[in-house]
Amino acid sequence: MYLVTSAKESLNESFKKKFKDVTSLIDTKTEYQLSSRKFKKRKTQIFLNKEIVFGKNKTVMMAGPCAIESESQVMKTASFLSERMGVKVFRAGAFKPRTSFYTFQGLGVKGLKLLEKVRNEFGMKIITEVKDTTHLDVVAEVADIVQIGTKSMYNFSLLERCGKINKPVLLKRGFMATVKEFLQAADFIIANGNPQVILCERGIRSFEPSTRFTLDLGCAALIQGISHLPVVIDPSHAVGVASLVGKAAQASAGLGVDGLLVEVHPNPVNSKSDKDQALTFQQFEQLYSSVKRISKAVDRVLI
Ligand code: PEP
Ligand code: MN
């Protein structure tokens, strides 16, 4: 457990007695500390297994549909990604934080069961979103990486609870959040005991409505330098248009990011959420081969 204090206070005997279970004291010198390179110089590496590692010259491809819709949709996508493309991490949401009440909200626990099926049948690792603290335990049981969505970056109870699980957490940058606020959110997870945090840039809201959000590549590059945490990019939500996702993914890979999160659907026009940005299998194949070449050019291996 970490406790934030000043060095002076921690020398006090009554303080030491009161907090005998505290193993680390942090003398806060910066506004975000635990996620900062000033606090930890060496890049954090997060292992899903020996091969799938974030923070170690690899571009980890995480792909799949926005939402789990049905068994056939999930299995078709997983079979294509795993058997044809060799993708090792499957993404899909069971608990969807939709802006409109009138749209598909996800299959919930039924959807998690289908993710288990993907793991058992294809041996893929699973990343899926947790919407609030009420279902964190069931999500964490199935997920190899727990995803915190852009709208939840300021859900402090959720950040704290995710600090108490023993699973990597992919934290998306709030679409209205500054870099400082993003890293401060990461600190809530780390301070509560979980150092396995992956930062994800997924676009911010700007004055420009032509793309869904504005992919902030400059700040993604900045974060790679000022934080020791692995940095990944989600080009799908950033641009929101399938025809631009490949280009955004290429640019992201060119930064030498630790991974990409990409939405793919067997039949995008029938997708129950985020259909405009969902790639067809063919579009995904094109993205994959170009990203592979770019990753190599920046001394990374696409896995
Ligand atoms: C998602 O990954 O499907 C998602 C909801 O992403 P975001 O939180 O970035 O909108
Ligand atoms: Mn989505």
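The values are calculated or read from the model by the stated rules, or taken from the named source; none is laboratory data. Worth saying up front: this structure is predicted, and the values here are computed from it rather than measured. We place every Cβ from the backbone using ideal geometry, glycine too, and count neighbours over all the protein chains shown. Ligands, DNA and RNA are excluded from the accessible area calculation, which covers all protein heavy atoms including side chains. Shrake-Rupley method; radii C 1.70, N 1.55, O 1.52, S 1.80 Å.
Would you mind checking LYS151/LYS296; LYS88/LYS275; LYS43/LYS88 for any pair whose Cα atoms are more than 25 angstrom apart? Don't skip to the end; give the middle numbers.
Numbers: LYS151/LYS296 33 Å; LYS88/LYS275 23 Å; LYS43/LYS88 23 Å.
From the list (LYS151/LYS296; LYS88/LYS275; LYS43/LYS88), the Cα-Cα distance tops 25 Å for LYS151/LYS296.
Based on the mean of other Cβ atoms within 10 Å per residue, sort peptides 266-276, 172-182 so the most packed one is first.
172-182, 266-276
Mind scanning LYS125/LYS292; LYS41/LYS167; LYS16/LYS131; LYS16/LYS58 and naming the pairs with a C-alpha gap bigger than 31 Å? Show your work: numbers first, answer last.
Numbers: LYS125/LYS292 20 Å; LYS41/LYS167 23 Å; LYS16/LYS131 38 Å; LYS16/LYS58 43 Å.
Correct reply: LYS16/LYS131; LYS16/LYS58.
If you wrap the tightest convex hull around every Cα atom of the stretch 110-178 and split its volume per residue, you get 88 Å³.
May I ask for the percentage of alpha-carbon pairs in the stretch 133-260 that lie more than 18 Å from each other? Summing the P(r) of the stretch 133-260 above 18 Å gives 51 percent of all pairs.
Peptides 280-286, 157-163, 230-236 ordered by packing proxy, namely the average of other Cβ atoms within 10 Å per residue, highest first: 230-236, 157-163, 280-286. Rounded to the nearest 20, the size of the Cβ-charge dipole of the stretch 45-141 about its Cα centre is 280 debye, with Lys and Arg at +1 and Asp and Glu at -1.
Taking all C-alpha pairs of the stretch 221-288, those more than 20 Å from each other amount to 30 percent.
Adding -39500 (n - 2.57) for every DSSP H run of four residues or longer, then dividing by how many residues the chain holds, sets the calculated 222 nm ellipticity at -10000 deg cm²/dmol. From most to least packed by mean Cβ count within 10 Å, the peptides 253-265, 72-84 give 253-265, 72-84. Per residue, the convex hull spanned by the Cα atoms of the chain amounts to 132 cubic angstrom. Where the alpha-carbon atoms of the stretch 72-206 are placed on the principal axes, they occupy 40, 35, 28 Å, in descending order.
Run the dipole for the stretch 119-163 about the Cα centre, Lys and Arg Cβ at +1, Asp and Glu Cβ at -1, nothing else charged, and hand back the magnitude in debye, nearest 20.
In debye, rounded to 20, the stretch 119-163 gives about 120.
With Cα atoms defining each centre, the stretch 53-71 and the stretch 138-153 are spaced 13 Å apart in the structure. Could you list the residues of the stretch 238-276 with an amide nitrogen less than 20 Å from a label point located 7 Å from the Cα of ALA297 in the Cα-to-C-beta direction? Only 244-261 fall inside the zone, counting backbone N under 20 Å. Note on the stretch 75-136 and the stretch 195-271: Cα centroid distance 19 Å, given to the nearest whole angstrom.
Over the chain, accessible surface divided per residue gives 46 Å², non-protein components excluded, 1.4 Å probe.
Give me the one-decimal Kirkwood hydrodynamic radius in Å for the stretch 194-247, with the sum taken over alpha-carbon pairs. Kindly include the intermediate steps, with their values, before the conclusion.
Values: mean 1/r = 0.0842 Å⁻¹.
That comes to 11.9 Å for the stretch 194-247.
Helix screen, the chain: DSSP H segments with Cα axial length of 15 Å or more and mean Kyte-Doolittle hydropathy at least 0.5 are 179-191, 242-254.
Is there a quick way to get the dipole size of the stretch 90-146? I mean about its Cα centre, with the Cβ of Lys and Arg at +1 and of Asp and Glu at -1; what is the value in debye to the nearest 20? Could the numbers behind the result be given before it?
Details: 9 positive and 7 negative charges, 48 e Å.
Computed charge dipole of the stretch 90-146: roughly 240 debye.
Estimated at 0.36 nm per residue, the fully extended path between ILE226 and MET85 surpasses their Cα-Cα distance by 47.4 nm. Could you look at the stretch 24-145 and say what percent of its accessible area is carbon and sulfur, using a 1.4 Å probe and all protein chains? In the stretch 24-145, the share of accessible area belonging to carbon and sulfur is 50 percent. At a 1.4 Å probe radius, carbon and sulfur cover how many percent of the accessible area of the stretch 167-279? Looking at the stretch 167-279 in its full context, I get 59 percent from C and S.
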